[in-house]
2 protein chains.
Amino acid sequence: MSSRFYCGDQPLVTGQRIDLPAEESRHLLKTMRGRVGDRLVVFGGGRQYAAELVATDGKRATVELGEQVSGPAEPQIQMTFLVPWIKGGKTEFLIQKLTELGAARVIVFQARREVAKGDDSKIDRLARIALEACKQCERVTVPEISTAASIKTAFESAAGDPGARFILHERDGSRTLTATLAALPAPRESVIFASGPEGGWHPEELAEMGDDVVSVTMGPRILRAETAPLVAAAAVLAFAGEI
Amino acid sequence: MSSRFYCGDQPLVTGQRIDLPAEESRHLLKTMRGRVGDRLVVFGGGRQYAAELVATDGKRATVELGEQVSGPAEPQIQMTFLVPWIKGGKTEFLIQKLTELGAARVIVFQARREVAKGDDSKIDRLARIALEACKQCERVTVPEISTAASIKTAFESAAGDPGARFILHERDGSRTLTATLAALPAPRESVIFASGPEGGWHPEELAEMGDDVVSVTMGPRILRAETAPLVAAAAVLAFAGEI
């Protein structure tokens, strides 16, 4: 299972021949010194297949898909995270860890009280980090990563998601996440979490969030900006009995 | 609450005069430019007090303790973690995050399948990281940090702890942590978690652990060495309804 390659989020079927994306081809052919006839595993679009390297022009690797191979199940409760750009590589850290923990989607927004500035040019790097995390944790579904100019537009991007909306807010902590989840009517199929930057939420950000956003605490200690979303993800998995 | 200083793990009482430790004195006098008469907060031994800087010789800061001030409650279930030395600063990362999550004790051991070598000379640095994390998260109890030559001696160090013993082992994952916790007889007062290095557990390490150690999974995805203990901590807090 160590030679897993991503072939893009496209529908896959046994017998299909497919070119791996440029970076995955390079990794297979150069780093791993792949040769025609080598056996490997490819994944994409939520599925995974045994495969064989059947052709290459030295740059592109063409593989033929064999039997479908099961991967780890996605979490029962679909998790979307709205997280800020945070300086010091902490947004990248969050993308890696939230991918490991099964996040379906991450929207990275510009927080008012955070000096780190993000832009769409960084999205490829974040997507690559998510992909690498999928390869490492054996997940076959790559989370969707996008950016937003503010927490308001981040919530708007998730408008089609019927999930319960939570804001992680340590200074307004009378309700715990697990108690709030337990009080939601079943089926609990998806949740959306917004977490703040190192400087905390700006009052105008809180005002813009809408009445359907519920503030929850992550316990009595003040969690860092890069810790709180991970703890929320773990709490959802624990609540669902998956960990 | 931004000026919190540690005064060692000693019994504290209102009215007491106390010298802050060298590093804390330097931080107060040099970095924060503290002056006699300044108000601050000191903590240690699981308690926290309002205090005043009453004297200094330029190097040592002497404070007088005023009223006791409550800090965040410690977790209902006391958590001990046995974690390996891991390269790339990941052990330091774990100390910081486990402190934020309320760990009572961390024993850092030498794992067979890990190239990173630790020794007692690094313990001061780890203790400093734990202390800084306490200051940041407003916790008033500093976790106890120690080292062990192997997972066997790490478990022996925790022999006096009556808590249930768990090993985080992704390849032996039929039982989830939360289900296993739920099956334990109440009261569930303490738990001990052992987590492995990046290369995984060595069979001899598993053989040495004793029959009272229960193997649990952290979900279907393979969590990194520096992720699994955090998820276990969060799961315990979620199980107890604290997050």
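All of the numbers you see were taken from the coordinates with simple rules; none came from a lab. A quick note: this is a predicted structure, and the numbers were derived from the prediction, not measured. For neighbour counting, all protein chains shown are included, and Cβ atoms are generated from backbone atoms with ideal geometry for every residue, glycine included.
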Lysine pair count for chain A [Cα-Cα under 22 Å; pairs on different chains or 8 or more apart]
17
Choose one answer from B:ALA186, B:ALA158, B:ALA207: the residue with the largest mean-square fluctuation in a GNM of chain B with alpha-carbon springs under 10 Å.
B:ALA186
At a Förster radius of 45 Å, what calculated FRET efficiency corresponds to the Cβ-Cβ distance of A:SER150 and B:ALA159, to the nearest 0.05?
0.25
Kirkwood Rh over alpha-carbon pairs of the range B:173-243 plugged into Stokes-Einstein at 25 °C, 0.890 mPa s gives a D in µm²/s of 184
With N set to the residue count of the range A:56-143, report its C-alpha Rg divided by 2.2 N^0.38 Å to two decimal places.
1.31
Whole-number D in µm² s⁻¹ for the protein assembly as shown, Kirkwood Cα-pair radius fed into Stokes-Einstein, 10 °C, 1.306 mPa s:
66
For the range B:16-125, which trypsin sites (Lys or Arg not before Pro) are both in a DSSP coil and crowded by at most 14 other Cβ atoms within 10 Å?
B:ARG33, B:ARG35, B:LYS59, B:LYS87, B:ARG113, B:LYS117
GluC sites (Glu not before Pro) within the range B:126-229: DSSP coil, no more than 16 neighbouring Cβ in 10 Å:
B:GLU189, B:GLU208
Any idea what angle helix A:123-137 forms with the longest principal axis of chain A, computed on alpha-carbon atoms, 0 to 90 degrees, nearest 10?
70
Antiparallel DSSP beta bridges within the protein assembly as shown, as percent of all bridges there, nearest 5
35
Shape call for the range A:60-218 from the C-alpha gyration tensor, a ≥ b ≥ c root eigenvalues: rounded (a/c under 1.5), prolate (a/b greater than b/c) or oblate?
oblate
Spelling out what I want: for every residue of the range A:48-57, take phi, set θ = phi - 60°, compute 6.51 cos²θ - 1.76 cosθ + 1.60 (Karplus), and round to whole Hz; glycine and proline get x.
9, 9, 5, 8, 10, 6, 10, 6, 7, 9
Could you tell me the extents of the range B:1-83's C-alpha atoms along the three principal axes, largest first, rounded to whole Å?
42, 30, 21
Based only on the alpha carbon positions, what is the Kirkwood hydrodynamic radius of the range B:105-164, in angstrom?
12.8
Using a Gaussian network model of chain B with C-alpha springs under 10 Å, which one of B:VAL231, B:VAL42, B:VAL142 is most mobile by mean-square fluctuation?
B:VAL231
Using a Gaussian network model of chain A whose springs link C-alpha atoms within less than 10 Å, name the residue from A:ALA225, A:ALA61, A:ALA133 with the highest mean-square fluctuation.
A:ALA61
Please give the FRET efficiency for B:ALA179 paired with A:LYS30, using the beta carbon to beta carbon distance and R0 = 56 Å, rounded to the nearest 0.05.
0.80
